[in-house]
Every structure is written in structure tokens, then in C-alpha cells.
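*Asks:* Let me give you the structure first, and then I'll get to my questions.
Just so it is clear, none of the values below were taken in a lab; they were calculated from the coordinates. Please read these numbers as outputs of a predicted model, since none were measured by experiment. As a convention, Cβ positions derive from the backbone with ideal geometry for all residues, glycine included, and neighbour counts pool all protein chains shown.
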Amino acid sequence: MAIVFITGSTDGLGRAAAQSLLDQGHRVVLHARSADRAAAVADFTSRAAGVVVGDLRSAAETKGIADQVNAIGRMDAIIHNAGVYTQDSRAATAEGHAGTLAINTLAPYLLTALIERPKRLVYLSSGLHRGGEGSLHDLDWTRRNWDAAKAYAESKLHAVALAFALARRWPQVLSNAVDPGWVRTRMGGAGAPVDLDTGQRTQSWLAVSEEPAAMVSGRYWHHLRQEQPAGEAADPNFQDALIERLSELTGVSLPAA
Ligand SMILES: NC(=O)c1ccc[n+]([C@@H]2O[C@H](COP(=O)([O-])OP(=O)(O)OC[C@H]3O[C@@H](n4cnc5c(N)ncnc54)[C@H](OP(=O)(O)O)[C@@H]3O)[C@@H](O)[C@H]2O)c1
């Protein structure tokens with residue numbers, strides 16, 4: 001049985017993945033943005049291997065999350081699930097970054113760099129990442145007028161590029177990205193066509209399954225099938241440039257292979 005850390009496990013797909021993995025007998029480390037929000041998982045905290053707390057908008061708190069996970073021990077898998085959708089404004093964080101970039105891109109990068117290397121990494125992307133090409137010249141939205149949908153799309157393209165970059169840099173780690181589809185969560189809304197269980201299945205499977213089909217790396221998945229992501233996300237030059245920029249913006253380098 002594996003031990004899996006899931007970011008953003010207080011609601012939606014993260015919570016559903018946590019529940020599914022616990023029901024299969026795996027150990028799960030939950031994550032909530034605050035002690036208050038941890039109450040949202042009170043019904044299964046007693047079955048969890050731990051609950052870590054921190055707001056991913058804050059680089060300082062994100063580093064604290066990495067410390068808390070490392071104190072629990074080495075994870076077998078990490079599902080980078082937490083995310084925000086279209087935000088009304090750039091909403092600069094305490095460190096001065098666009099909120100969407102901080103939560104959806106910088107936080108998974110920081111956690112990847114700072115948490116003891118697991119055996120598997122899964123990053124939640126979206127089919128909308130296809131509209132997110134061309135971000136490198138202004139990753140942090142300091143020169144462009146705010147465009148919420150574009151900022152989200154870019155962050156979800158970063159998730160695929162990050163997964164693929166890690167697959168190349170850390171060959172002993174299985175690193176993949178997942179488009180869960182349009183799912184009925186707080187983010188997806190009540191009219192979304194995909195149910196929660198279907199929406200969480202691929203990332204949970206990639207995190208723990210011993211089936212040969214799940215033991216691959218550097219792939220983009222949708223409902224248990226591999227798909228081709230946007231060209232930029234799959235381009236090693238873009239991936240390397242993105243990692244370099246993320247290292248500059250966070251002041252944290254990605255450990256080498
Ligand atoms: N639902 C869809 O249709 C859909 C489609 C494509 C991709 N996705 C991706 O799937 C992932 C999960 O989405 P979802 O639909 O489950 O969203 P959701 O229902 O809104 O849940 C998001 C989770 O992330 C957490 N989170 C957000 N901001 C945070 C912050 N600053 N610090 C700590 N935790 C934070 C939330 O915590 P709180 O509960 O405290 O807010 C919650 O646990 C996201 O990465 C999303 O981009 C979703």
C-alpha cells in the first residue's frame with residue numbers, strides 16, 4: 001500500500017481522490033489551506049496519515065507545507081491537485097506574484113523542489129491548457145492587461161510542461177499530467193458533465209496502480225487514456241525555459257537528477 005500526498009484535499013477532486021485511495025487501503029496525507037478548512041475533512045482525518053496546513057498563495061506557507069510533509073516521511077506519490085480557476089484580477093500575493101500563477105504554477109514547482117523526491121508525481125492540468133501557449137515573455141502578468149481565462153490556461157499548460165520536464169530530469173520518477181475533464185465540483189459547477197468519481201480516477205490510478213499501463217512517465221492523460229498535449233507543453237526547450245524562470249521567480253532551484 002502506498003502513501004500519497006494530495007494538495008487541495010478539502011474539496012472537489014482532491015477530496016474525492018483522498019477518499020478513493022483511503023477506501024482502497026492506501027495511506028493519504030491531506031492538505032488544507034488553514035486549520036479552519038481542515039475541518040472540511042474532519043470526517044476522514046482519523047483515517048489519514050496526516051493533515052498538513054498552508055495557503056498555496058504564499059511561498060512562505062508553501063515551504064512550510066513541504067517541511068510538514070518531509071516530517072511525515074517520504075511519499076510514494078504526490079498529486080498536485082489544488083488550483084484556482086478564473087480570478088477577477090491579478091491579485092498580487094505577499095511576494096508580489098499573480099495569484100493564479102502562485103497557486104497553480106509556483107506552488108507545485110516549489111513543492112516538487114522541496115519535498116523529498118517521491119516515486120510518482122501527478123499534476124492536474126485541464127483541456128483548457130491548449131489556450132495557454134505563449135506565456136514565457138510575461139509569466140507573472142506584469143506587462144499585460146489581466147485576462148483571467150488566459151492566466152488559467154497558461155497555468156494548466158505549465159502543469160503539463162512541469163510534469164514532462166520532471167519526467168526527463170528525474171528518470172527514476174514517474175511524472176504525468178492529467179486532464180480530469182469538466183467535472184461537477186465547486187470549480188466545475190453543477191452543470192458539468194463528468195461525475196466526481198470519474199474525474200478523480202485517472203490521477204488516483206497513476207498515483208498507486210502497479211498495472212504496466214500506469215507505470216509510464218511524461219504522458220498527458222484524460223480518463224485513463226493518453227492524449228497529445230499542446231505543442232509548447234511537450235517542447236523540451238519550453239520546459240527548460242519555464243523551469244529556469246520558475247527558479248528565478250521563487251529563488252528555489254530544482255534538484256538535479
Ligand atoms: N472541475 C473541473 O471541471 C476541472 C477541469 C479541469 C481541471 N481541473 C483541475 O482540477 C484541480 C481540482 O479542481 P476542483 O474542481 O476539485 O476544484 P475545487 O473544487 O475548487 O477544489 C480546489 C481545492 O484546491 C484548494 N485550494 C485552492 N486554492 C488554495 C490555496 N491558495 N491554498 C491551499 N489550497 C487551495 C481548495 O481549498 P479550499 O476548499 O480551502 O478552497 C480545494 O481543496 C484543479 O487543479 C483544477 O484546475 C478541474
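*Asks:* Evaluate the relative contact order of the chain (contact order divided by residue number), counting alpha-carbon pairs under 8 angstrom at least 6 apart; express in whole percent. Before the final figure, lay out the partial values.
*Replies:* On the way: 518 pairs, mean separation 47.6, N = 257.
The value is 19 percent.
*Asks:* Among the GluC sites (Glu not before Pro) within the stretch 116-197, which fall in a DSSP loop and have no more than 15 other Cβ atoms within 10 Å of their own Cβ? Please list the in-between numbers first.
*Replies:* Details: sites: 116, 133, 154; in loops: 116, 133.
Here the sparse-neighbourhood loop sites are 116.
*Asks:* Taking neighbour Cβ counts within 10 Å as the exposure measure, how do 197, 140 sort from fewest upward?
*Replies:* On the way: 197 13, 140 18.
Result, fewest neighbours first: 197, 140.
*Asks:* Could I ask something else about it? Quote the charge dipole size of the stretch 3-250 about the Cα centre in Debye, to the nearest 20; the model charges only the Cβ of Lys and Arg (+1) and of Asp and Glu (-1).
*Replies:* Values: 25 positive and 27 negative charges, 45 e Å.
With Lys and Arg at +1 and Asp and Glu at -1, about 220 debye.
*Asks:* Put +1 on the Cβ of each Lys and Arg and -1 on the Cβ of each Asp and Glu in the stretch 3-250; which of 226, 46, 158 then has its Cα farthest toward the positive end of the dipole?
*Replies:* Of the listed residues, the answer is 46.
*Asks:* Comparing 228, 87, 172, which has the greatest mean-square fluctuation in the GNM of the chain with Cα pairs linked when under 10 Å apart?
*Replies:* Taking springs between Cα atoms under 10 Å, the residue moving most is 228.
*Asks:* Which of the aspartates and glutamates could a cross-linker bridge to residue 63, judged by Cα under 20 Å and excluding same-chain residues fewer than eight apart?
*Replies:* Within the straight-line cut-off, residue 63 pairs with 36, 55, 76, 95, 116, 140, 244, 248.
*Asks:* Calculate, for residue 216 and residue 119, the FRET efficiency according to 1/(1 + (r/R0)^6) with r their C-beta to C-beta distance and R0 22 Å; round to the nearest 0.05. Let's see the in-between values first.
*Replies:* On the way: r = 13 Å, r/R0 = 0.60.
The calculated FRET efficiency here is 0.95.
*Asks:* Let me ask something else about it. Using 7 Å Cα-to-Cβ label points, what is the residue 224/residue 71 separation (nm, one decimal)?
*Replies:* In this crude spin-label approximation the distance works out to 3.9 nm.
*Asks:* A follow-up question, please. Which of the listed residues, 101, 68, 251, is farthest toward the dipole's positive end in the chain, when Lys, Arg count +1 and Asp, Glu count -1 at the beta-carbon?
*Replies:* It is 68, whose Cα lies furthest towards the positive end.
*Asks:* When the C-alpha atoms of the chain are aligned to their principal axes, what extent does each axis show, in angstrom, from largest down?
*Replies:* 47, 41, 40
*Asks:* Shifting gears a bit: When the chain is fully extended, how far beyond the present Cα-Cα distance does residue 142 get from residue 247, taking 0.36 nm per residue of separation? Don't skip to the end; give the middle numbers.
*Replies:* Values: separation 105, 0.36 × 105 = 37.80 nm, distance 1.74 nm.
The residue 142-residue 247 span can extend by a further 36.1 nm.
*Asks:* Nearest 5 is fine: what % of DSSP beta bridges in the chain come out antiparallel, could you say?
*Replies:* On the way: 3 of 26 bridges.
Bridges in the chain that DSSP calls antiparallel: roughly 10 percent.
*Asks:* Separate question: In the stretch 97-188, what chymotrypsin sites (Phe, Trp or Tyr not before Pro) fall in a loop by DSSP, with at most 14 other Cβ atoms inside 10 Å? Could you put the intermediate results ahead of the total?
*Replies:* Working: sites: 109, 123, 141, 146, 152, 164, 182; in loops: 141, 146, 182.
For chymotrypsin sites (Phe, Trp or Tyr not before Pro) across the stretch 97-188 that sit outside H, G, I, E and B with at most 14 neighbouring Cβ atoms in 10 Å, the list reads 146.
*Asks:* Cα centroid distance between the stretch 115-193 and the stretch 1-79, in Å?
*Replies:* 19 Å
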